[in-house]
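The values are calculated or read from the model by the stated rules, or taken from the named source; none is laboratory data. Just so you know, these numbers come straight off a predicted model, no measurement behind them. Virtual Cβ from ideal backbone geometry, glycine too; neighbours counted across all protein chains shown. The accessibility values were calculated without ligands, DNA or RNA, using every heavy atom of the protein model including side chains. Shrake-Rupley method; radii C 1.70, N 1.55, O 1.52, S 1.80 Å.
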Amino acid sequence: MMIWSVSLSISLLLQVLFPNGGHSKTIVQVIDMDERFLQYIHDVAQLRQLPIQCIHHDLREPLPAHLHGKFDCFFTDPPYTLQGMSLFVSRGISALRKRKGLPIFLSFAHKSPDFMFTMQREFIRMGITTSATLPRFNEYEGAEIIANRSQMIILKTTERTMPECTGSFMDALYTGEVRQTIRKYQCKRCGTKITVGIQGKMATIEQLKQRGCLSCGNDTFHLISKTKVK
């Protein structure tokens, strides 16, 4: 699976590397909820005869069953929150074949050491290992908030690889949502309820997982409720 710009680049490269059609069995699947992007990719793919298939889907919902266990790798550029990373990587994992060593290409903003530590724990929880980190790998126009750069994190699957999120996703996903909501989580071990947000003891789920449950120290929680701050 690829996001839109990468899908076109990879497909064009395949045409150059295999001018006699040796890439015909390689199918690039693009999943996005924005129909404008999908239409653009579709039009270019038709014009250039590229092996791309576009699927309109909101990743807050599980992938369609026919996409599970079909792919050898995926690339994702999720919202730059811990929830966004876990969700998008989880959906990608569900699409991968059940094999060790399959690559996962994760584009993500440069974050603080504490955030990166928490993110590494999420990787371990999903049973994936970091193979390489390439700082300032991606360049964007008009993304001054992240200095127009993001890192590429290359991950690999293991025997323990499992998606963290398998059902519908109800939590805050984007940075703006995180900042404008009050969310209640429940510790999966002891059941303690903790408020996260501008009125809570923790501002974000990243901080909560870093600190652990205030009662038992556990670092896994599930969302109970979400209220938008007026």
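The angle between the Cα long axis of helix 113-125 and the main principal axis of the chain comes to about 70°, on a 0 to 90 degree scale. Remark: spin-label model distance Lys201-Met170 equals 2.3 nm, labels positioned 7 Å along the Cα→Cβ axis.
Largest accessible area first, the residues Ile224, Ile124 order themselves as Ile124, Ile224 under a 1.4 Å probe with ligands, DNA and RNA left out.
A helix-only calculation puts the chain at -9000 deg cm²/dmol for mean residue ellipticity at 222 nm, using -39500 (n - 2.57) for each DSSP H run of at least four residues, averaged over all residues. Given a Förster distance of 45 angstrom, what is the FRET efficiency for His42 paired with Ser215, based on the Cβ-Cβ distance and rounded to 0.05? According to the calculation, E is roughly 0.30.
Charge dipole of the chain (Cα centre as origin; +1 on each Lys and Arg Cβ, -1 on each Asp and Glu Cβ, all else neutral): 940 debye, rounded to the nearest 20.
Excluding residues fewer than 8 places away in the same chain, name every one of the aspartates and glutamates whose C-alpha is closer than 18 Å to that of Lys226. Cross-link targets: Glu61, Asp171, Glu177, Glu206. Expressed as a whole percent, the accessible area of the chain that falls on carbon and sulfur atoms is 53 (1.4 Å probe). Working from Cα positions, state the angle (0 to 90°, nearest 10) between the long axis of helix 4-17 and the longest principal axis of the chain. Here the helix axis deviates by roughly 30 degrees. At a probe radius of 1.4 angstrom, the accessible area of the range 47-184 per residue rounds to 52 square angstrom.
Highest mobility in the GNM of the chain, judged by mean-square fluctuation with C-alpha springs under 10 Å and restricted to Asn138, Asn218, Asn20, is found for Asn20. Measuring from each cysteine beta-carbon in the chain, the ones with no other cysteine beta-carbon under 4.7 angstrom are Cys54, Cys73, Cys165. For the range 1-120, the Kirkwood estimate of the hydrodynamic radius, built from every pair of different alpha carbons, is 15.4 Å. Note on the range 52-210: lysine pairs with Cα distance below 19 Å, sequence gap of 8 or more or different chains, count 14.
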